[in-house]
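Some notes on the structure that comes next.
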Protein chains: 2
Amino acid sequence: MAIDVTPFAGCCGSVTDTALDEGAAGELAAAFKVLADPVRLRLLSMVATAPAGEACACDLVLPLGRSQPTVSHHLTMLVDAGLLTRERRGKWAWYRVVPERLALLRDALAP
Amino acid sequence: MAIDVTPFAGCCGSVTDTALDEGAAGELAAAFKVLADPVRLRLLSMVATAPAGEACACDLVLPLGRSQPTVSHHLTMLVDAGLLTRERRGKWAWYRVVPERLALLRDALAP
DNA sequence: ACTATACATTGATGATCATCAATACGTTGC
DNA sequence: GCAACGTATTGATGATCATCAATGTATAGT
């Protein structure tokens with residue numbers, strides 16, 4: 001089941017801006033939780049640095065040293081978090097990063 | 001036991017820069033894991049937005065609605081992660097944010 | 001010294017999560 | 001239709017973690 005289609009609706013404001021209320025803190029925490037895993041970070045960076053800005057899931061399993069279901073699970077989490085998009089082409093699934101989403105999280109740490 | 005005095009030694013490079021190796025991904029993930037909690041995010045923003053750039057622990061317990069030990073635990077995690085500094089003055093403990101540390105994490109999400 | 005206060009630590013518990021084996025689903029080619 | 005392949009889902013398990021009550025450790029005031 002999808003974790004949350006719009007975790008951290010966050011449009012503006014940084015942690016150093018104004019004190020976060022409980023709701024905003026929960027959404028932001030959920031967003032960072034997705035980044036708080038080595039496998040997901042590697043997946044994100046592998047897709048981000050892939051040749052045409054996209055990567056096939058078939059090329060991500062072996063280098064990570066995890067089972068196919070585990071990699072698929074992490075990719076789904078990244079998609080659900082809005083950090084990646086998934087596009088099926090035939091038997092393969094291709095992933096691209098969503099820069100705006102990454103920027104949103106980065107801005108949450110702005111001074 | 002302190003989690004790690006220098007988690008994410010990270011000096012340079014973003015997730016979109018070059019593919020992360022297992023070690024770097026682990027350090028980065030550990031750093032984000034500290035941010036991946038609502039209470040810690042609220043603590044961070046409360047300290048960041050505090051009047052003189054510092055906040056007394058005594059003023060952080062009630063607004064969070066958590067027990068004193070729980071708040072103390074989260075503050076310790078933030079200090080161990082290098083995101084906050086702690087200074088004891090008499091009976092009180094005063095916290096300040098470490099902007100450089102926050103910037104380090106922000107840069108890890110740079111395009 | 002004694003008491004009260006502020007904070008940290010310990011120990012225990014329930015919840016969340018990463019992981020894999022097994023299985024299901026959808027697509028391609030024969 | 002059938003077999004092979006790439007991917008997603010299910011179910012189970014061990015590990016990690018947030019939380020609190022109880023306790024420990026200082027410091028300040030009387």
Checklist outcome for this item: Only one of B:Leu44, B:Leu35, B:Leu75 is near DNA strand C (Cβ under 10 Å from one of its atoms), within 12 Å of the chain's Cα centre (by Cα) and at pLDDT 95 or above, namely B:Leu75
Next on the checklist: I need the full set of residues from the stretch A:66-76 which are within 10 Å of DNA strand D (Cβ to nearest atom) and either of a type in the set (S, T, N, Q) or surrounded by 15 or more Cβ atoms within 10 Å (Cβ to Cβ) (or both), in order please.
Outcome noted: A:Ser67, A:Gln68, A:Thr70, A:Val71, A:Ser72, A:His74, A:Leu75, A:Thr76
Next on the checklist: Can you say whether B:Ala103 is out of contact with any Gly (no Cβ under 8 Å at 6 or more places or on another chain), modelled with pLDDT of 95 or more and either within 14 Å of another protein chain (Cβ to nearest Cβ) or outside any strand (DSSP E or B) (or both), as far as the supplied structure shows?
Outcome noted: yes
Checklist outcome for this item: Flagged in the stretch B:26-40 as within 7 Å of chain A (Cβ to nearest Cβ) and either farther than 17 Å from B:Leu102 by Cα or within 8 Å of DNA strand D (Cβ to nearest atom) (or both), in numbering order, are B:Gly26, B:Lys33, B:Ala36, B:Asp37, B:Pro38
Next on the checklist: Residue under question is B:Glu100, and the condition is that it be more than 16 Å from DNA strand D (Cβ to nearest atom), among the acidic types (Asp, Glu) and in contact (Cβ under 8 Å) with a residue 12 or more places away in the chain; does it hold?
Outcome noted: no
Checklist entry - Across the stretch B:79-104, which residue is nearest to DNA strand C (Cβ to nearest atom) among those that are out of contact with any helix residue (DSSP H, G or I) (no Cβ under 6 Å at 6 or more places or on another chain) and of a type in the set (A, V, I, L, M)? => result B:Val79
Item to check | Search result, residues across the stretch B:47-71 that are within 13 Å of DNA strand C (Cβ to nearest atom) and closer than 17 Å to A:Thr16 by Cβ | outcome: B:Val47, B:Ala50, B:Glu54, B:Ala55, B:Leu60
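The values are calculated or read from the model by the stated rules, or taken from the named source; none is laboratory data. Here the structure is a predicted model, which means the values were calculated and not measured. Cβ sites come from the backbone with ideal geometry, for glycine too, and all protein chains shown count toward neighbours.
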